[in-house]
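The values are calculated or read from the model by the stated rules, or taken from the named source; none is laboratory data. Quick caveat: nothing in here was measured; it's all calculated off a predicted structure. FYI the Cβ positions are ideal-geometry reconstructions off the backbone, even for glycines, and counts take in every protein chain you see. Keep in mind that these areas ignore ligands, DNA and RNA; they rest on the heavy atoms of the full protein, side chains included. Shrake-Rupley method; radii C 1.70, N 1.55, O 1.52, S 1.80 Å.
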Amino acid sequence: MRCLECERELDRLDNEHLLQCSGLTLHEYAIRHHLPLDLLLQPDQVGSVFEVRSGTPRHPPGERARAVLQGLDWAGLVERGGDDVRIRGEVRRLDQLLWDLEQLADFGFRFRQSYDYSDETHRVVAHSALVAPAGFTRPALRPVPVPVPEPPPVFLDALAVFVAHAGDLQAGYLLLPFAEPAYARDAAQRLRRDHGVDCVALAAGGLAAGGSGEGALLRTAAPEDTRALMALLRERLAAIPDGWTRFNDAMPEATVTKELVFDAAHFITDHPAKCSNLHGGRYLLQVQVSGRIDPLTGCVVDYGYLKRIVNRLVVERFDHHTLNYAAPELAWRSSTEMICVFVWEQLIDYLPGLSGLRLYETTQSWCDYRGPTLAEYRQQGRSRLLDYFPAMDRRGDRQLIRGDARQLLSAVP
Ligand SMILES: [Zn+2]
């Protein structure tokens, strides 16, 4: 077998050779040369584990190591299971993972790459992770607030690690998915109090962390807050592989669409024809998000996140319901147009890159809608179109009618 990096003939390709000759791991080599791992590996390499130890554990661990571990923990990347603590990294994130390894040397983490045949995918897949015995990290991983004898790690150091690994930039807003609500509360407070950066906590925030409902999602309140936060973290992010460039380098833009359906009934209150009757059907909703492609994820927005948000905020509310009773804004008029305006307002906080909605009521009837940007929405507030009945207060305006009604009633013999 010939190594395509150094052109040497070898009995087998393995990490020992590849890291020497090219600095690549087998997994990266396979992708770089678009070869399936099944072809690269000898049968006895399948199921094998490659491991590199970095540094020796040191007690107490240095401040740098504790800050990096805290940032990764905020992002939910530190998995505790049995005797091990594990930090996984996708293949495009190996630079970050190896940087983490270096920073975490005081905890005795090892880099591990394993190659396993997976029944699910019918092919050999590689997994990379940092692994340390749980005992090494235990003193540093405590629930917040952290009553540690040593001073807590520098907040901004940990925050930069968190943002580089888990942040998501959309239309000038930074989405920050924290693994625990307490982490998010603490970070939002410190950012506001110590650095004048405003973040909002989004109500359905747990969805960002993968649907477990445990997490919490913060979003910078305005693009100015994103800029202030980026300026604050600039040097720290620049020291982390992809940490600065993933948010700031010029990248192509794209639009992605997720399609979801819900079955619902409705009626048009004062429609002159048969639409005033209760009738139902399958609605098909297409949600479009536009923006810059993140070079680290290769995506504008994660389809899974997009689907969870639309499911939670729209589909669960409408599916198998009568639209007129599912939201006060739609009680009078649940037309496709009104539904689109309503749906836009439900989603825009979570999807600042929202660029279009298309809603089919039947295959022949649909509505296209593009609402205000998040900045416009925050400035103008809700659409008056939806607010007529929910906000109605006619006590003043209708005094005359009320007065007349009293007169009429008192005139009844
Ligand atoms: Zn080679």
LEU385: passes all of (1) touching a Leu at 6+ places or on another chain (Cβ under 8 Å); (2) over 17 Å from ALA204 (Cβ atoms); (3) aliphatic (A, V, I, L, M) but (1)
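Name the residues in region 358-372 that are among the polar types (S, T, N, Q) and open to solvent by less than 70 Å² (accessible area, probe 1.4 Å), would you?
Here is the first cut: in region 358-372, the residues among the polar types (S, T, N, Q) are 362-365.
Scanning region 358-372 gives THR362, SER365.
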Among the residues of region 103-111, is there at least one that is at negative phi, in contact (Cβ under 8 Å) with a residue 24 or more places away in the chain and assigned to a strand (DSSP E or B)? yes
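What number of residues in region 351-398 are among the aromatic types (Phe, Trp, Tyr) and more than 20 Å from PHE262 (Cα to Cα)?
Here is the first cut: in region 351-398, the residues among the aromatic types (Phe, Trp, Tyr) are 360, 366, 369, 377, 388-389.
Applying the additional criterion that residues be more than 20 Å from PHE262 (Cα to Cα) yields 377, 388-389.
Total satisfying the criteria: 3.
Among the residues of region 17-33, which ones are of a type outside the set (A, V, I, L, M) and in contact (Cβ under 8 Å) with a residue 12 or more places away in the chain?
Let us first name the residues in region 17-33 that are of a type outside the set (A, V, I, L, M), namely 17, 20-23, 25, 27-29, 32-33.
Once the filter is applied, which keeps residues that are of a type outside the set (A, V, I, L, M) and in contact (Cβ under 8 Å) with a residue 12 or more places away in the chain, region 17-33 yields HIS17, CYS21, SER22, THR25, HIS27, GLU28, TYR29, HIS33.
Give the residue that is surrounded by the fewest Cβ atoms within 10 Å (Cβ to Cβ), with candidates limited to residues of region 88-111 that are of a type in the set (Phe, Trp, Tyr) and closer than 18 Å to GLY23 by Cβ.
Filtering region 88-111 for residues of a type in the set (Phe, Trp, Tyr) gives 99, 107, 109, 111.
This time we only want the ones that are closer than 18 Å to GLY23 by Cβ, so: 99, 111.
On the way: TRP99: 19, PHE111: 23.
Only one residue tops the list, namely TRP99.
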Of VAL68, VAL78, VAL85, the only residue that is touching a Ser or Thr at 6+ places or on another chain (Cβ under 6 Å) and surrounded by 14 or more Cβ atoms within 10 Å (Cβ to Cβ) is VAL85
Please tell me if VAL314 is part of a strand (DSSP E or B) and closer than 22 Å to GLN346 by Cα. no
Candidates VAL91, VAL85, VAL52, filtered to the one that is closer than 27 Å to ARG185 by Cα and either of a type in the set (Val, Ile, Thr) or not assigned by TED's automatic domain parsing to the domain that holds GLU5 (or both): VAL85
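Go through region 34-64 and count every residue that is open to solvent by less than 40 Å² (accessible area, probe 1.4 Å) and touching a residue at least 60 places away in the same chain (Cβ under 8 Å).
Matching residues across region 34-64 total 6.
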Subset of region 155-172 that is under 23 Å from ALA254 (Cα atoms) and open to solvent by less than 10 Å² (accessible area, probe 1.4 Å) - its residue that is nearest to the chain's Cα centre (by Cα): GLY167
